[in-house]
Amino acid sequence: MIILLYVAPTTFAGYSAAHAIAHMAMPSPTWQTIFAIVGAIAVTIAAFIRFTAMAAPGPAGRNLAQG
């Protein structure tokens, strides 16, 4: 849940960046919005994956063979 607080601003940033690029490349406002939403989703997923990859690993020694 806390990760969502950090990922939420990246959603807005991804939407804004993709919309700006689409505004320069596409004349149709509908396609600009679709492209911006897809860009926001992509940036959000990338940020979520990066934040979850930084999570601490599980307890040490759980995967060691006993002998």
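Every read-out reported here was derived from the displayed coordinates using simple, explicitly stated rules and does not represent laboratory data. Treat the numbers as computed from the prediction; the structure is a model and nothing was measured.
Points worth noting:
- Extension reserve of the Met54-Ser16 stretch, reckoned as 0.36 nm per residue once the Cα distance is removed: 11.1 nm
- Whole-Å semi-axes of the ellipsoid equivalent to the range 1-52 (Cα gyration tensor, √5λ, descending): 24, 8, 7
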